[in-house]
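First the structure, in the form of structure tokens, and then the observations on it.
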Amino acid sequence: MNRISSQLGSQLSLVSRDGTRRSAAPALVLVGHGSRDPRTLSTIRALIEKVRELRPSLPVHLGHIELNEPLLPDTLASLGTGDAVLVPLLLSRGYHVKQDIPEAAAASSANTRVAAPLGPHPLLVETLYARLVEAGWRTRMSETARRSSGIVLAAAGSRDPDAAVDTRRTAQLLAERLGVPVVPAYASAAAPTVPHAVRTLAARGRHRVAIASYFTAPGRFSTECAEAAPWIAAAPLGAHPAMARLVLHRYDQAVAAPAAALERRLASA
């Protein structure tokens with residue numbers, strides 16, 4: 001049903017209100033950060049395939065900010081003067097979303113729009129929940145078990161305060177879903193660290209602490225955070241079907257929004 005709805009949305013987007021056919025939809029450019037860990041690139045490629053399955057008529061490309069090819073400027077150059085929407089595979093606002101990606105878009109010949117980052121959004125919470133269940137989180141637990149349980153939401157970290165706001169919002173949404181405290185923590189550039197967050201929960205009587213991996217793909221940071229888990233550690237978000245739906249949701253938002261409204265969303269989402 002999700003695939004049918006997405007394909008129907010793709011077809012309807014090519015028809016204007018007066019019934020005439022619009023020009024082809026803008027290409028979707030997924031913007032990854034880049035990583036030296038080969039698992040990251042393979043995971044992103046798997047996510048791209050799920051996006052293509054949901055919307056086969058949409059051209060989907062990949063560009064990286066650093067470390068992996070193709071780099072974003074090269075991907076944009078390959079599009080010439082065509083239309084494109086850049087969807088950051090990033091989970092919060094920060095320097096890459098506010099500076100690096102818009103600057104690369106502005107320097108290219110392509111007619112581009114930059115979508116909002118993936119988070120915060122309920123589809124991320126759906127994915128986090130699924131990964132926790134896969135790792136051993138019980139969907140039903142006694143009240144005693146619930147009172148002794150907690151989650152550390154392990155994220156990459158950023159010096160941008162907006163990134164922390166976005167991560168805290170995701171933690172709040174996940175806490176509402178699970179009914180236990182969720183403490184955001186970071187692998188770098190921000191506090192608290194994951195071990196500190198684990199100790200904080202233990203001091204509150206929460207000794208069954210799970211790590212929710214708030215990373216788009218496996219890599220050094222996600223591995224280090226998982227090693228700090230006193231109980232279970234979930235896999236990163238990865239190529240979960242909800243992630244593919246979220247990518248297309250951000251793309252559709254950017255296509256539908258006036259340019260000024262999109263700039264405001266990037267600044268305040």
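Mind pulling the angle between the C-alpha long axis of helix 161-178 and the longest principal axis of the chain? Nearest 10 degrees, somewhere in 0 to 90. So the inclination is approximately 60 degrees. Rounded to the nearest 10 degrees, the angle from helix 122-135 to the longest Cα principal axis of the chain is 50 degrees. As a size descriptor, the averaged projected area of the C-alpha convex hull of the range 86-172 was calculated at 7.0 nm².
Taking all protein chains as they are arranged and a probe of 1.4 Å, the heavy atoms of H96 leave approximately 50 Å² accessible to solvent.
A 1.4 Å probe run over the protein chains yields, for the chain, 48 Å² of accessible area per residue, whole-number rounding.
Please check the chain for the longest run free of trypsin sites (Lys or Arg not before Pro) that are loop-located per DSSP (anything but H, G, I, E, B) and have at most 15 other Cβ atoms within 10 Å. Between exposed loop sites, the widest span is 37-137. Remark on T193: its backbone amide H falls under 5 Å from those of Y186, a criterion applied only to residues 5 or more positions apart or on other chains, H modelled at 1.01 Å from N.
The Rg/Rh ratio for the chain is 1.00, where Rg is the radius of gyration of the alpha carbons and Rh is the Kirkwood radius.
What a 1.4 Å probe finds exposed on the chain is 53% carbon and sulfur by accessible area, rounded to a whole percent.
The values are calculated or read from the model by the stated rules, or taken from the named source; none is laboratory data. For clarity, every value in this text was computed on a predicted model and none was experimentally measured. Cβ: placed from backbone, ideal geometry, glycine included. Neighbour counts: every protein chain shown. These area figures cover heavy atoms from the full protein model, side chains too; ligands, DNA and RNA do not enter into them. Shrake-Rupley method; radii C 1.70, N 1.55, O 1.52, S 1.80 Å.
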